[in-house]
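Below: the structure, in C-alpha cells.
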Amino acid sequence: MGALNRTLPATERPAQEKPTAEPVLNDKQKIFVVEDDTDISRLVRHHLEVAGYRVRTYSSTHTVLADALKERPSLMLLDIMVPGGDGIELCRQVRQSGQTLGGIPIVFLTAKTSEADRIRGLETGADDYITKPFSPRELVARVKAVLRRCEAPLAPSVIRSGDLEIDAMAMTLTVRGVIITATATEFRLLHYLAQHAGRVFTRDQILDAVWRETTFVSPRSVDVYVRKLRSKIEVDPEHPRYLRTVRGAGYRFESPKK
C-alpha cells in the first residue's frame, strides 16, 4: 500500500475550527476525527465518507467530549499532538466517563511511531494505533475491522466467577458488586478467556479468537490488554487470581477456589 497522498479532491472544503457540518444520514455510523493538520483531516474525511461513514472533524480537543455526550459517535479517530490537550488525554477522559461514553472504540492516528508510544496509546485505552505516513486504504480497513470487532454480538450468557460477573448480553462487567467500565476489546478478551476457564491460550490464539481478521495488532498488544484488565478486576494486579500468566505459553482464566 502507498504512503499518505496529499492530493485532495477538488470538491473538498477547507477545514474549520468548528466541527464541519455533515448531511443528516442517521443510518450511517458516525466517526469523530480529531486532527489539526488540514490536509490530513480533509483526506481522512474524504476516504471515510467514500466508505459510507458520517464524519465530524475537529482541529482541537476543546468540544469533542461535549459533542460526544450530545450525539455518541461510533468511533473516535484521534491524533495525539493537537491543540487544546493531546489525544492521549482525550482518550483517558473518554475511558473515565463511565458507561455513557467509556466503551466507544478509539483509534490513534499519529506521527509518534516508537513502541513505547504505541504501548502508551494502547494502555490508555485505544483499540488500535496507526502511524503516519499511512495508506488511506489501510486506514479505512482498520477502522472497519475495529468496528466489526466491537459491534459483533456475543452469545448471550452470564459468567459468574468469584467476585466477577460478566454479562455478555448487557456487555457489563461487575467486580465486587460494582459495574466497571471496560472497552469492547477488553470485554471480549475477558469474556473469551472466562468462557474457557482453565485452558491455556497462546497470544496468537488469543489474537485469532478476539481480534479475528485484524492482522495489524501484534502479540505484544495482548500483554497490554491483559495488564489493563488486571488493573480493573484484580485486588492485587501484581498477583492475579483470575488472569494468570503461564510462562512460555500464554494466559489462562482461573476461577478462584471457594
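The values are calculated or read from the model by the stated rules, or taken from the named source; none is laboratory data. Bear in mind that the values here come from a model prediction, so they are computed numbers and not experimental data. Note: ideal-geometry Cβ built from the backbone for every residue, glycine included; neighbour counts use all protein chains shown. These accessible areas exclude ligands, DNA and RNA; they are computed on the full protein's heavy atoms, side chains included. Shrake-Rupley method; radii C 1.70, N 1.55, O 1.52, S 1.80 Å.
Annotations
- Subtracting the Cα-Cα distance of residue 212 and residue 247 from 0.36 nm times their residue separation leaves 10.2 nm of extension gain.
- Per-residue ellipticity at 222 nm from helix content only, as computed over the chain with -39500 (n - 2.57) for each DSSP H run of at least four residues, stands at -10000 deg cm²/dmol.
- Degrees separating the helix 115-124 axis from the principal Cα axis of the chain, which is the longest one: 70 degrees
- For segment 67-177, convex hull volume per residue from C-alpha positions, Å³: 134 Å³
- Solvent-accessible area of residue 188, all protein chains in place: 20 Å² (probe radius 1.4 Å, heavy atoms, ligands and nucleic acids excluded).
- Radius, Kirkwood style, for segment 134-232 when every pair of distinct Cα atoms is counted (Å): 14.4 Å
- Each principal axis of segment 78-126 carries a Cα extent, and these read 31, 22, 12 Å when sorted largest first.
- Linear extension gain, residue 66 paired with residue 131, 0.36 nm per residue minus alpha-carbon span: 20.7 nm
- In the complete set of protein chains, residue-level accessible area for residue 134 is approximately 10 Å², probe 1.4 angstrom.
- The gain in end-to-end length when the residue 50 to residue 200 segment is fully stretched comes to 49.8 nm, 0.36 nm per residue minus the alpha carbon separation.
- One equal scatterer on each Cα of segment 168-215, no solvent, Debye formula: the resulting log10 I(q)/I(0) at q = 0.21, 0.27 Å⁻¹ is -0.79, -1.07.
- As a ratio to 2.2 N^0.38 Å, the alpha-carbon radius of gyration computed for segment 188-258 takes the value 1.05.
- Remark: for residue pairs 70/132; 30/144; 28/144; 112/228; 28/70, the C-alpha separation exceeds 24 Å in 70/132.
- Accessible surface, the chain, averaged per residue in Å² (probe 1.4 Å): 48 Å²
- Calculated from the structure at hand, percent of Cα pairs over 25 Å apart is found among [x] 39; [y] 44; [z] 53 as [y].
- Exposure of residue 46 as accessible area (Å², to 10), given a probe of 1.4 Å and all protein chains: 50 Å²
- On Cα atoms only, tilt of 219-233 relative to the major axis of the chain in degrees: 70 degrees
- Efficiency of FRET from Cβ geometry, residue 115 and residue 172, R₀ 22 Å, rounded to 0.05: 0.10
- Considering only the chain, percent of DSSP beta bridges that pair antiparallel, nearest 5: 50 percent
- Here segment 34-106 is treated as an ellipsoid with the same Cα gyration tensor; its semi-axes, largest first and in whole Å, are 20, 15, 9.
- Centroid-to-centroid separation of segment 218-258 and segment 60-109 [C-alpha atoms, Å]: 27 Å
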